[in-house]
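Some notes on the structure that comes next.
The values are calculated or read from the model by the stated rules, or taken from the named source; none is laboratory data. Everything numeric in this text was worked out from a predicted model, so none of it was measured. Cβ placement follows ideal geometry from the backbone for every residue including glycine, while neighbour counts extend to all protein chains displayed.
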Amino acid sequence: MQNVKELEKYRIGLFRDACSMTHKPDRTPNVSYMVTWKILDAGYKLTEALSDYDIMTKVVREHQDKYNFDGIIEMGVRNQYLISEYFGAGRYIVDDKTESVNFRDIPLCESEGLRIFADNPQKFMWEQGMGKMYSFWNKPNDVAFFQKAIEINNGFFKYAYAMADTMRNEYGLPTNVAPNPIAQTAIEFFFQTMRGIKGLSMDMRHDPGLLDAAIEAWNETFFNPQLTAMKAAKAGPSDAACFDSTNVLLAHIILNTKQWEKYYWKYLKQVLDVQRDKNWSVRFFAEDKISRFWDYLSEYPRGMLTIHPDNDDIFEARKKFPTFALMGGMKLSTLGMGSKQECLDLAKRLIDELGAEGGYVMCEDKMGSYRSDANAENLKAVCDFVREYRPSQN
Amino acid sequence: MEEKYVFSDYPSGLKLLAEKLDLPIPVEETEKRENYIFGLINAWVRL
């Protein structure tokens, strides 16, 4: 297939057919979830690629040249390294010797901060949040400092758009998710950014009333307007992307069922209901394990969700969700440590058992971060296999 | 040498930045300029 427009259309069709579970796709679509691994695979140091968009562009191009995926989840935009370094935040710990990227966890406040947030979220973000994150914030600064920050910030987005355009126009690689609005739940913000694991766990037990007030403030300022924007977005499947929306969950890992229902499901359901009403195809990725809450998803219609498990067993997910597509299951542990034959056996089993008639998207089970996460020859063999394999013809 | 300011008080810091920065929004559209800056702050606290 020489024409990149035709190739892009073909690839989008693979996703749409596989995920809707109404048409059998020509073959199983194959997605890359390799993140910093691809920098190392391309022969660059992490610091080189993270601080130079020309190098990152070469990395992403080489990734596609070498493996020829149908979709790439991450095109060098996972880590906003340059702006963080400019601010001197020390947020990223990038080590070229150990070939690792770590992220320093900095909760924005102690529990008292919830009260300030509940009173005025904007004031909290401006004074407490920025003050906690950046030592420069409370000192005198010239306007040029912020002008330069905006320039660096814009540079990141300029790269992101240009990279996506390049992959679409030169490689026929579609956009992964359509640019539809999404509403972030309070619990995810409090968990990931504001309070951290320990802080939020204590808030739920020690002062649930204060947490409720902070959630209400979050909803009024952020969640409800974002939900309104989702409702105003165009309905129906995009003809220019593999998925229409995506939900990524992390905070569920510390919640029991009662907490899940109160702090998470109540709001996630509102998001899912809009996604259902819009007839959007949604990638649903939950970090670690979420199978204890799988029952809550059962009410949604056939083909709406594509479940991408992290540490849950994908074959168990197929039993639980006969009407949802599944994504993932290509274990990094096998790609990294297994033989080529073991990788091919796993790839064949995933397609045969999860999506011989559609309903499956090949992808790694986790973000590929470290060199040992995949042997390049194994990954190449799997990609070549998936591109050629047609279960019904074998 | 350029003059220095403390921008960390809300809302005075926001208003000052909205007034001083060169943004892709006309100076008379104050609310849009403030929203633009607040969008950046919301992103930067999550970096």
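Counting only strands (runs of 3 or more DSSP E) that sit wholly inside region A:292-374, those with at least 1 residues that are without any contact (Cβ under 8 Å) to a residue 40 or more places away in the chain are A:305-309, A:325-327. Checked against the criterion of being of a type in the set (A, V, I, L, M), surrounded by 20 or more Cβ atoms within 10 Å (Cβ to Cβ) and closer than 20 Å to A:Met330 by Cβ, the candidates A:Leu46, A:Leu14 yield just one match: A:Leu14. For A:Gly236, the conditions (1) buried (at least 20 other Cβ atoms within 10 Å of the Cβ); (2) at positive phi are fulfilled apart from (1). Listed here are the helices (runs of 4 or more DSSP H) enclosed by region A:70-133 that have at least 1 residues being in contact (Cβ under 8 Å) with a residue 60 or more places away in the chain and more than 8 Å from chain B (Cβ to nearest Cβ): A:81-86, A:112-119.
With respect to the stated conditions, A:Gln64 fails to be of a type in the set (S, T, N, Q) and within 12 Å of another protein chain (Cβ to nearest Cβ). Scanning region B:29-43 for residues that are farther than 16 Å from A:Lys123 by Cβ and facing chain A (nearest Cβ under 8 Å) returns B:Leu40, B:Ala43. Of all residues in region A:134-148, those satisfying the criterion of being part of a helix (DSSP H, G or I) and within 7 Å of chain B (Cβ to nearest Cβ) are A:Val143, A:Ala144, A:Phe146, A:Gln147.
Among the criteria (1) touching a helix residue (DSSP H, G or I) at 6+ places or on another chain (Cβ under 6 Å); (2) touching a residue at least 12 places away in the same chain (Cβ under 8 Å), the one B:Phe38 does not fulfil is (1).
Filter region A:375-394 down to residues that are surrounded by 23 or more Cβ atoms within 10 Å (Cβ to Cβ) and part of a loop (DSSP other than H, G, I, E, B), then give me how many there are. Selection size over region A:375-394: 0.
I want to confirm something. Restricting to region B:10-28 and keeping residues that are in a loop (DSSP other than H, G, I, E, B) and more than 8 Å from chain A (Cβ to nearest Cβ), which single residue is nearest to A:Phe146 (Cα to Cα)? Among them, the one singled out is B:Pro24.
Inside region A:115-154, residues that are surrounded by 14 or more Cβ atoms within 10 Å (Cβ to Cβ), modelled with pLDDT of 95 or more and of a type in the set (Lys, Arg) make up a count of 2.
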